[in-house]
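Okay, structure first, notes after.
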Amino acid sequence: MKKLNLEIKACEMLKAAKLYRTAGRVAILKVLMDAGKPLSQDQIARRSGKNHFDKVTIYRTLESLLDVGLVHKAFIDKRAWHFELSHNCTETQCHPHFTCTSCGETTCLTGISLPMAKSPHKGFIIHRQQVRLEGLCPACA
Ligand SMILES: [Zn+2]
Ligand SMILES: [Zn+2]
Ligand SMILES: [Zn+2]
(Lines give C-alpha, C1' and ligand atoms only; values in the text may rest on other atoms or scores of the structure.)
(Ligands and ions follow the chains in the order given, each with its own letter.)
Protein backbone atom coordinates (compact mmCIF):
# COMPACT_ATOMS: atom_id res chain seq x y z
CA MET A 1 0.00 0.00 0.00
CA LYS A 2 2.71 2.43 1.03
CA LYS A 3 4.86 1.47 -1.95
CA LEU A 4 1.94 2.08 -4.29
CA ASN A 5 1.32 5.53 -2.79
CA LEU A 6 4.95 6.50 -3.38
CA GLU A 7 4.65 5.34 -6.98
CA ILE A 8 1.53 7.47 -7.53
CA LYS A 9 3.13 10.48 -5.86
CA ALA A 10 6.31 10.12 -7.94
CA CYS A 11 4.25 10.01 -11.15
CA GLU A 12 2.27 13.09 -10.09
CA MET A 13 5.49 14.99 -9.38
CA LEU A 14 6.88 14.14 -12.82
CA LYS A 15 3.64 15.14 -14.47
CA ALA A 16 3.57 18.48 -12.63
CA ALA A 17 7.18 19.11 -13.68
CA LYS A 18 6.33 18.12 -17.28
CA LEU A 19 8.98 15.43 -17.26
CA TYR A 20 8.56 12.09 -18.99
CA ARG A 21 7.95 9.19 -16.70
CA THR A 22 10.91 6.83 -16.79
CA ALA A 23 11.63 3.90 -14.50
CA GLY A 24 14.77 5.66 -13.24
CA ARG A 25 13.04 8.94 -12.40
CA VAL A 26 10.20 7.19 -10.61
CA ALA A 27 12.67 4.98 -8.69
CA ILE A 28 14.84 7.90 -7.53
CA LEU A 29 11.84 10.00 -6.45
CA LYS A 30 10.50 7.01 -4.52
CA VAL A 31 13.85 6.42 -2.83
CA LEU A 32 14.11 10.09 -1.78
CA MET A 33 10.50 10.20 -0.56
CA ASP A 34 10.97 7.01 1.40
CA ALA A 35 14.26 8.19 2.95
CA GLY A 36 12.90 11.58 4.05
CA LYS A 37 16.47 12.88 4.29
CA PRO A 38 19.24 13.82 1.86
CA LEU A 39 21.04 10.91 0.20
CA SER A 40 24.25 10.67 -1.79
CA GLN A 41 24.36 9.16 -5.26
CA ASP A 42 25.79 5.93 -3.81
CA GLN A 43 23.07 5.72 -1.18
CA ILE A 44 20.42 6.27 -3.86
CA ALA A 45 21.99 3.52 -5.97
CA ARG A 46 21.97 1.11 -3.05
CA ARG A 47 18.37 1.92 -2.13
CA SER A 48 17.03 1.70 -5.67
CA GLY A 49 16.83 -2.03 -5.01
CA LYS A 50 16.21 -4.64 -7.61
CA ASN A 51 16.28 -2.13 -10.46
CA HIS A 52 20.07 -1.80 -10.11
CA PHE A 53 20.55 1.40 -12.02
CA ASP A 54 24.17 2.01 -12.87
CA LYS A 55 25.99 5.14 -11.76
CA VAL A 56 25.71 6.89 -15.11
CA THR A 57 21.96 6.36 -15.24
CA ILE A 58 21.54 7.65 -11.70
CA TYR A 59 23.73 10.65 -12.42
CA ARG A 60 21.80 11.55 -15.59
CA THR A 61 18.45 10.96 -13.94
CA LEU A 62 19.40 13.16 -10.98
CA GLU A 63 20.51 15.88 -13.40
CA SER A 64 17.11 15.89 -15.08
CA LEU A 65 15.34 16.07 -11.70
CA LEU A 66 17.69 18.89 -10.60
CA ASP A 67 17.02 20.80 -13.83
CA VAL A 68 13.28 21.00 -13.21
CA GLY A 69 13.76 21.67 -9.50
CA LEU A 70 12.09 18.53 -8.17
CA VAL A 71 15.33 17.64 -6.39
CA HIS A 72 18.07 19.86 -5.05
CA LYS A 73 21.52 19.54 -3.54
CA ALA A 74 21.27 19.81 0.24
CA PHE A 75 24.91 19.64 1.33
CA ILE A 76 28.27 17.97 0.81
CA ASP A 77 29.24 15.27 3.26
CA LYS A 78 32.30 13.05 2.93
CA ARG A 79 32.99 14.74 -0.41
CA ALA A 80 29.64 13.66 -1.84
CA TRP A 81 26.66 15.83 -2.64
CA HIS A 82 23.50 14.76 -0.84
CA PHE A 83 20.24 15.23 -2.72
CA GLU A 84 16.72 15.70 -1.44
CA LEU A 85 13.26 16.54 -2.74
CA SER A 86 12.68 20.28 -2.98
CA HIS A 87 9.13 20.36 -1.69
CA ASN A 88 10.14 21.40 1.85
CA CYS A 89 12.47 24.16 0.69
CA THR A 90 12.24 27.45 -1.12
CA GLU A 91 14.41 28.78 -3.91
CA THR A 92 16.53 30.79 -1.47
CA GLN A 93 16.39 28.70 1.66
CA CYS A 94 16.76 25.08 2.62
CA HIS A 95 15.63 23.90 6.06
CA PRO A 96 18.40 23.20 8.59
CA HIS A 97 19.95 19.73 8.62
CA PHE A 98 21.00 18.11 11.87
CA THR A 99 23.79 15.54 11.84
CA CYS A 100 24.44 13.39 14.87
CA THR A 101 28.14 13.37 15.77
CA SER A 102 27.75 9.95 17.36
CA CYS A 103 25.84 7.82 14.83
CA GLY A 104 26.20 10.08 11.79
CA GLU A 105 22.46 10.14 11.05
CA THR A 106 21.20 13.29 9.36
CA THR A 107 17.70 14.62 10.01
CA CYS A 108 15.77 17.30 8.10
CA LEU A 109 14.58 19.92 10.57
CA THR A 110 11.69 21.08 8.43
CA GLY A 111 9.93 22.68 11.43
CA ILE A 112 12.68 25.23 12.02
CA SER A 113 13.00 28.31 9.89
CA LEU A 114 15.93 30.61 10.47
CA PRO A 115 16.07 34.25 9.41
CA MET A 116 17.89 34.73 6.14
CA ALA A 117 21.43 36.06 6.61
CA LYS A 118 21.70 39.75 5.73
CA SER A 119 24.33 42.35 4.82
CA PRO A 120 27.05 40.12 3.45
CA HIS A 121 30.60 41.39 3.10
CA LYS A 122 31.00 43.79 0.25
CA GLY A 123 30.90 42.08 -3.13
CA PHE A 124 29.26 38.88 -1.89
CA ILE A 125 25.83 37.92 -3.15
CA ILE A 126 23.80 35.33 -1.25
CA HIS A 127 21.80 33.01 -3.49
CA ARG A 128 20.75 30.42 -1.02
CA GLN A 129 21.03 29.69 2.70
CA GLN A 130 21.74 26.22 4.00
CA VAL A 131 22.37 25.58 7.68
CA ARG A 132 23.88 22.47 9.22
CA LEU A 133 23.61 21.69 12.89
CA GLU A 134 25.60 19.09 14.81
CA GLY A 135 24.97 17.37 18.09
CA LEU A 136 23.35 14.24 19.47
CA CYS A 137 20.16 12.71 18.09
CA PRO A 138 17.47 11.45 20.50
CA ALA A 139 18.76 7.87 20.15
CA CYS A 140 22.31 8.84 21.12
CA ALA A 141 21.67 11.61 23.66
ZN1 LIG B 1 16.40 21.41 1.09
ZN1 LIG C 1 22.76 9.57 16.83
ZN1 LIG D 1 16.32 18.14 4.25
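The values are calculated or read from the model by the stated rules, or taken from the named source; none is laboratory data. Because the structure is predicted, anything quoted here is derived from the model rather than measured. Heads up, the Cβs are rebuilt from the backbone with ideal geometry, glycines too, and the neighbour counts pull from every protein chain shown. Side chains included, ligands, DNA and RNA excluded: accessible areas come from the protein's heavy atoms. Shrake-Rupley method; radii C 1.70, N 1.55, O 1.52, S 1.80 Å.
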Between residue 134 and residue 8, what FRET efficiency comes out of the Förster formula 1/(1 + (r/R0)^6) with R0 = 22 Å and r the beta carbon distance, rounded to 0.05?
-> 0.05
Per residue, accessible area of the chain with a 1.4 Å probe, heavy atoms of protein chains only, in Å², comes to 67
For the range 65-141, what is the Kirkwood estimate of the hydrodynamic radius, computed as the reciprocal of the mean inverse distance between distinct Cα atoms, to one decimal in Å?
-> 13.9
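Excluding residue 67 itself, calculate the net charge of residues whose Cβ lies under 12 Å from the Cβ of residue 67, where each Lys or Arg counts +1 and each Asp or Glu counts -1.
Result for the local shell: +2.
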Residue 16 versus residue 126, label points 7 Å from Cα toward the beta carbon: distance in nm?
-> 2.7
Carbon-plus-sulfur fraction of the accessible area of the chain, 1.4 Å probe, in percent?
-> 55
Can you give the percent of C-alpha pairs in the range 1-57 whose distance is more than 13 Å?
-> 58
Quote the accessible area belonging to residue 8 in square angstrom, nearest 10, computed with a 1.4 Å probe and with ligands, DNA and RNA left uncounted.
-> 80
What ³J(HN,Hα) values, in whole Hz, does the Karplus curve 6.51 cos²θ - 1.76 cosθ + 1.60 give for the range 74-91 when θ = phi - 60°, with x put for Gly and Pro?
-> 8, 6, 9, 9, 6, 6, 10, 5, 10, 9, 8, 5, 8, 5, 9, 10, 9, 4
Plugging the Cβ-Cβ distance of residue 112 and residue 60 into 1/(1 + (r/R0)^6) at R0 = 35 Å yields, to the nearest 0.05, a FRET efficiency of 0.55
What is the set of long-range amide H partners of residue 83 at a cut-off below 5 Å, with H atoms built 1.01 Å from backbone N?
-> 39, 40, 74
Under 29 Å from the Cα of residue 122, which lysines turn up, not counting those fewer than eight places away in the same chain?
-> 73
Evaluate 2.2 N^0.38 Å with N set to the residue count of the range 1-130, then give the Cα radius of gyration divided by it.
-> 1.12
How much of residue 128 can a 1.4 Å solvent probe reach, expressed as accessible area in Å² and rounded to 10?
-> 80
